[in-house]
Each structure stands twice: as C-alpha cells, then as structure tokens.
Amino acid sequence: MEANGLGPQGFPELKNDTFLRAAWGEETDYTPVWCMRQAGRYLPEFRETRAAQDFFSTCRSPEACCELTLQPLRRFPLDAAIIFSDILVVPQALGMEVTMVPGKGPSFPEPLREEQDLERLRDPEVVASELGYVFQAITLTRQRLAGRVPLIGFAGAPWTLMTYMVEGGGSSTMAQAKRWLYQRPQASHQLLRILTDALVPYLVGQVVAGAQALQLFESHAGHLGPQLFNKFALPYIRDVAKQVKARLREAGLAPVPMDGHFALEELAQAGYEVVGLDWTVAPKKARECVGKTVTLQGNLDPCALYASEEEIGQLVKQMLDDFGPHRYIANLGHGLYPDMDPEHVGAFVDAVHKHSRLLRQN
C-alpha cells in the first residue's frame, strides 16, 4: 500500500476488492454482486442525463460516461462499476456508420453485404487511437470512484460485432450473418480476424487507462450451433484472451480477470477466469461443466425483478444455495430492462449481501 493512499498507477487505493477476489477464486466474506446494464434507463437520473444528447455523443463524452457509470453506485451498494459505453464503438472506429434509432436500437445504414465491402474497413491497428474517449472516461471514472469498488471495462466479442455489421442492426434470426458463415467462410474469418486485431489493443488500452477487470460480451452466440460456434466464435474468443494477457505481461502490467459469456466447457478452457451464464443454465450443471478453477457469474432471470421484494429475496437465496459461496459473482442472466423499479434492483443487491453472509455462517 502506498503511503499517500494511492495505488501503483496513481489511482486511489481500492477499498472493496470483493469482486476481484471472487474473480480470482479467493475467499470472500460475502458474494459480490453487480448488474449488467446497471447504468441504464430504469433510473430517472439516467434518463435526465441522457435526454439532451444523441446516444453515441454521450459515449464520446468522458464526463457523461463517468456520471452515468457512477449513478447506480450512489443508489445501491454494488461491488463493481462497469464503464458506460457501447460495444458498437468498435465498428464505428473501423469506419462504419452506426446510429441509435429511438425505439428500434442500433442501425448501420451501409452494412457489409459483399466480400469487397471488407475493403471499406480501416486498419484494425488504428482502432485504439480512435477510441481515446473511452480510455479518458475510464481514467476519469477510476479517479472519481475513489477506490470504492473496482471498475470493469468491456467489449463485444468478434462474432457478436460481426452480426451487427452484416445484419445492419439487431436481428431475431441472424440469417444474413449466418449466411456469410456458410457461403463466405473465408471472408467471415477475415472479418473476425480484423475484429480480433481491433479488440486486443482496445482491451489492453482499457486496462492501461484504469480498468481492473474486462468483460467480453458474446451476446449472439446462442444463434450458433456447436459446430459454427467452435469454428467461428470460440477460436477468436480464445485468441482475444490469450493476446490481451500476453500484451499486459509485455507491458509489465498486472493481469486482470477476464469474463466471457456462453459455451461453458469451452470457455472454461479458453483462458477466462470468469464465465457468465444466462438464466437458462442450471447453476449446479454449470459448476459440473467448468469445475472448480473458474468463477461463475449470473444468472437470475432479469424478469424476476418484476416480482415482489419478498419473492426476489427467496429467488436470490435459492440462487446462492445453488451456486455455493466459492468462485461466484452474483448478477442477472441478462441486462436490466428500462421499465424495472429501482427499488427492486436495490432489493436484489441487498438480498445477495444478506443471504450470502448467512450462507457462510452456516
């Protein structure tokens, strides 16, 4: 510990490291908890901050991102903060136009349609320099957190980013993106390689800027069967982990825990310390799959937060019993929805802290 209360990078000393300890598989006094999309539209103060600005303008403002990241921590005793940003800043940095359409979500006016469209993309090496605003937001937020809890950085995994770039937005079937995998396997691998080469320096840059853990969101892996997943998603997810760790070592930086989503057994062996689960996976089955060397994160159905506060407490207790106290981080199986009651989010966080302490006493 530094005498002035500052950590090694000149950031304030961390006061609550429960989340990081659980990620590394160390003992904790209670189960740490945070929520995907915890900075979000379910908070009136979030809607107020965001009201005047276009979505991606907000993402480009370090001051706004910092404020939105800190809002949920003023309300709830969460054990981690996750920087407010978006996975689609990476395709933007590669030269694609992305707009956020109110009520519809992200839209790419000119998606990738033909193989030669890949020539429109910028060199992945320039991506990190294009995304300096994310790094500034992380550094500012890390300062303002004053060591309260760790700060998580994140990115979308290559396949998930590819789906948006080819589909031109969200899709219920991913048919256009999957058509690429079947009809243009070479071009698909080329695109996934470009994205991997962009993501590695971007994630390393987040750690240099002050992120203390990294989350890789593979939100669209569920559209792939095992064969396509093993061919087009897993190799790149694995490569991201391997290269980020190697580059942190080369730069003389301490390792950070990395969290991937989906395909349990594969990810448990892909170099990720933490594997996130959605609510469709039974905790005990998940533990059998990954063994004791990986931390699990999840996986309450977010819609459970529509239940009464009393029932939320019971569901949390069941979840904690099923996962057990070791190598576990409590979270939702997906992000918070805009119409959720902040009081119920608070009830979820409090229930995790309360029941996990009781569980350890017994």
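The values are calculated or read from the model by the stated rules, or taken from the named source; none is laboratory data. Since the model is a prediction, treat every value here as computed from it, not as a measurement. Ideal geometry is used to build each Cβ from the backbone, glycine not excepted, and the neighbour counts take in all protein chains shown. Just so you know, the surface numbers come from the protein's heavy atoms only, side chains and all, with ligands and any DNA or RNA stripped out. Shrake-Rupley method; radii C 1.70, N 1.55, O 1.52, S 1.80 Å.
Computed per residue of the chain from DSSP H runs no shorter than four, each worth -39500 (n - 2.57), the mean residue ellipticity at 222 nm is -14000 deg cm²/dmol.
Sorting L112, L359, L20 by solvent-accessible area of protein heavy atoms yields L359, L20, L112, largest first, with a 1.4 Å probe. Per-residue Karplus couplings for region 73-79, computed as 6.51 cos²θ - 1.76 cosθ + 1.60 with θ equal to phi - 60°, are listed in order as 6, 6, 8, 10, x, 5, 9 Hz, Gly and Pro entered as x. The residue list G170, S308, L277 was ranked by how far each Cα lies along the charge dipole of the chain toward its positive end, using unit charges on Cβ atoms, and L277 comes out on top. Simple spin-label estimate for H189 and S129 gives 3.0 nm between the two label positions (7 Å along the Cα-to-Cβ direction from each Cα). If you take the alpha carbon atoms of region 19-122 and fit the smallest convex hull around them, that volume is 146 Å³ per residue. Here is the list for region 107-192: GluC sites (Glu not before Pro) lying in DSSP coil, each with at most 13 other C-beta atoms within 10 angstrom of its C-beta, are E114. In this structure the amide hydrogen of F217, modeled in the peptide plane, comes within under 5 Å of the amide hydrogens of A155, G156, A157, none closer than 5 places in sequence on its chain. For Y133, Y306, the ranking by accessible surface with the largest value first comes to Y306, Y133, using a 1.4 Å probe. Volume of the convex hull of region 261-300 (Cα atoms only), normalised per residue: 55 Å³. Within the chain, antiparallel bridges make up roughly 20 percent of the DSSP beta bridges whose residues both belong there.
GNM on the chain, alpha-carbon springs under 10 angstrom: the most fluctuating residue among V275, V207, V166 is V166. Ligands, DNA and RNA excluded, the heavy atoms of S356 present near 0 Å² of accessible surface to a 1.4 Å solvent probe.
Between D339 and S171, the modelled label-to-label distance comes to 2.8 nm, taking each label 7 Å out from Cα in the direction of the beta carbon. The length gained by stretching the chain between E311 and R75 to full extension, at 0.36 nm per residue less their Cα-Cα distance, is 82.8 nm. Rounded to the nearest whole Hz, the Karplus-based 3J(HN,Hα) values (6.51 cos²θ - 1.76 cosθ + 1.60, θ = phi - 60°) of region 313-330 follow the sequence x, 5, 5, 5, 4, 4, 4, 5, 4, 5, 7, x, x, 9, 6, 8, 10, 7, with x at glycine and proline.
Among the protein heavy atoms, those of F76 account for about 10 Å² of accessible surface (1.4 Å probe, every chain in place).
For the chain, averaging the sequence separation of C-alpha pairs within contact (under 8 Å, six or more residues apart) and dividing by the residue count gives a relative contact order of 22 percent.
The separation of region 188-251 from region 63-140, counted between C-alpha centres, amounts to 15 Å. In order along region 23-36, the Karplus-derived 3J(HN,Hα) couplings, from 6.51 cos²θ - 1.76 cosθ + 1.60 at θ = phi - 60°, round to 4, 7, x, 8, 5, 9, 6, 8, 7, x, 9, 8, 10, 4 Hz, and Gly and Pro are given as x. Every pair of different Cα atoms in region 259-350 enters the Kirkwood calculation, which places the hydrodynamic radius at 13.5 Å. Electrostatic tally near A175: other residues with Cβ closer than 15 Å to its Cβ, Lys and Arg +1, Asp and Glu -1, net +3. Amide H contacts of T31: S356, R357, each under 5 Å away and 5 or more positions distant or on a separate chain (H built 1.01 Å from N in the peptide plane; Pro and chain starts excluded).
With N residues in the chain, what two-decimal value do you get for its Cα radius of gyration over 2.2 N^0.38 Å?
Relative to the 2.2 N^0.38 Å estimate, the chain comes out at 0.95.
Only protein heavy atoms count here; on that basis, with a 1.4 Å probe, H355 has an accessible area of about 30 Å².
The Q318 and K15 beta-carbon pair, evaluated with R₀ = 41 Å, returns a calculated FRET efficiency of approximately 0.85. Compute the label zone of R179 within region 96-115: residues whose backbone N is under 14 Å from the point 7 Å along Cα-to-Cβ. So the set is 111-115. Computed about its Cα centre, the charge dipole of the chain is approximately 460 debye, with only Lys, Arg, Asp and Glu carrying charge at their Cβ.
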